[in-house]
Amino acid sequence: MGFTIFILVLIVLILWLLISCIRVVPQANAYVIEFLGSYRATWEHGLHLKVPFLERIAGKISLKEQVCDFAPSNVITKDNVTMKIDTVVYFKIFDPRLYTYGVDRPVSALENLNATTLRNIIGGMELDQTLTSRDIINTQMQQILDEATDAWGIKVTRVELKNIIPPAEIQNAMEKQMKAEREKRQTILEATAHKESVVARAEGDKQAKILAAEAERDAQIALAEGRARSIALVYQAEADGLKALKDANIDESVLKLKGLEALKNVSDGRATKIFMPTDLSGVVSSLGLISEATGLGDSTPIDKSPKPKPASRADVCCDDDEKSPETQRMAAASRN
């Protein structure tokens, strides 16, 4: 009975030992195995059997990308401005053996290396350059950290500057500068808008004046064309009238009659100048023949004889002086 119990207990211990030696490595993980204190192998994901009492798991390593948000570090720029910068480092473990045996506390070592690298980079840059060169700083830090951590089995994939905190005085100055810059931009935009409106208004006035000038030009051209056409029509009518008179074979007497009618119209008293025809003698000779037609025969003949000139007082006096003394006395008596 006792022997049976011993056998059962021994079987249970053997089963428990066998079960405890069976290990299942999850996906994206790796186990570092030591045999009697020395590195033996690295187990990938899957089922593995460990030698009891001789092998042990020295480390369970995650092969996934990890993120470390380190505490802010005090850095000094090239122009002696002290500020705080905190960074975020993304890394992966590509060699579990190096990660286990390469450095003690790898994450802490990575944090210290990150702080020193950040101080070296920022120390060669001024404040304004630091604030505007985040991508350059991130790239330089990623390259430096990646090269330094290869011996630790760590692959640094990315580095980001999370916050850049300058002193309060610098922040106030930056806010004032930003405000002034925004006011400057606003002033420039208002001036540009005013300029564009003035230019647009001037362009509108210019176009309006051009259109008005073109309209006036077209109107003048139309008036000139109408005047020219009317003159041409008048001359054409006169030419047609003359041609008609020529075709009618008018005799000399009709032409003289027309000339006298024109002369009558000219001498109606409203003109300041009277033009006499060159053939006045011929007209006068024929005046008796056509006096009834023109109405000139009823006019009163003009007396062209010289009129006596009235005697002046000087002449009278002269005559009195030429008379005899007796005659002068008689004249004086008659006057008395």
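The values are calculated or read from the model by the stated rules, or taken from the named source; none is laboratory data. All values reported here derive from a predicted model rather than from experimental measurement. Positions of Cβ are backbone-derived with ideal geometry, glycine not excepted, and every protein chain shown enters the neighbour counts. Side chains are part of the model used for accessible areas, which takes the heavy atoms of the whole protein and leaves out ligands, DNA and RNA. Shrake-Rupley method; radii C 1.70, N 1.55, O 1.52, S 1.80 Å.
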Report task. Could you tell me the convex hull volume per residue, in Å³, taken over the Cα atoms of the range 151-212? Result -> 147 Å³
Requested in this report: Tabulate in residue order the Karplus-calculated ³J(HN,Hα) for the range 5-15, using 6.51 cos²θ - 1.76 cosθ + 1.60 with θ = phi - 60°, rounded to whole Hz; enter x for Gly and Pro.
Outcome: 5, 4, 4, 5, 5, 5, 5, 5, 5, 5, 5
Query - Under Karplus coefficients 6.51, -1.76 and 1.60, residue-wise ³J(HN,Hα) of the range 90-105 in Hz, glycine/proline x - result: 10, 8, 9, 9, 9, 9, x, 5, 5, 5, 7, 10, x, 8, 7, 6
Query raised in the report: How much accessible area does Glu203 have with a 1.4 Å probe, in Å² rounded to the nearest 10?
Result: 90 Å²
Report summary line: Note on the range 78-126: alpha-carbon gyration tensor, axes a ≥ b ≥ c; rule is a/c under 1.5 for rounded, else prolate if a/b larger than b/c, else oblate; result prolate
Report summary line: The whole-number value in µm²/s of the Stokes-Einstein translational diffusion coefficient for the range 24-64, with Rh from the Kirkwood sum over alpha carbon pairs at 25 °C and 0.890 mPa s, is 238 µm²/s
Query raised in the report: Which whole-percent values make up P(r) of the range 19-122 when all C-alpha to C-alpha distances are grouped in 5 Å steps starting at zero?
Result: 2, 11, 17, 16, 13, 11, 9, 7, 5, 4, 2, 1, 0, 0
Requested in this report: Give the relative contact order (percent, whole number) for the range 60-218; include only Cα pairs under 8 Å separated by 6+ residues.
Outcome: 26 percent
**Report entry** Whether the range 111-233 is rounded, prolate or oblate, judged on the alpha carbon gyration tensor where a/c under 1.5 counts as rounded
**Finding:** prolate
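Once you have the Cα-Cα distance between Lys243 and Arg182, take 0.36 nm times their residue separation minus that, and quote the gain in nm to one decimal.
Fully extending the segment from Lys243 to Arg182 adds 13.1 nm.
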Query raised in the report: What list of ³J(HN,Hα) couplings, whole Hz, do you get for the range 144-155 from phi and the Karplus terms 6.51, -1.76, 1.60, once you set θ to phi - 60° and write x for glycine and proline?
Result: 5, 5, 5, 5, 6, 9, 4, 6, 9, x, 10, 10
Requested in this report: Find the relative contact order for the range 29-103 and round it to a whole percent, using C-alpha pairs within less than 8 Å whose residues are 6+ positions apart.
Outcome: 30 percent
Query raised in the report: Any idea what the alpha-carbon Rg over 2.2 N^0.38 Å comes to for the range 62-154?
Result: 1.15
Requested in this report: Mark the label point 7 Å from the Cα of Leu47 along Cα→Cβ and return the residues of the range 11-34 whose backbone N is within less than 20 Å of it.
Outcome: 14-31
Query raised in the report: For the range 1-55, taking Cα atoms only, what is the radius of gyration to one decimal and the Dmax to the nearest whole Å?
Result: 15.4, 50
**Report entry** Accessible area (Å², per residue) of the range 1-154, counting only protein heavy atoms and a probe of 1.4 Å
**Finding:** 60 Å²
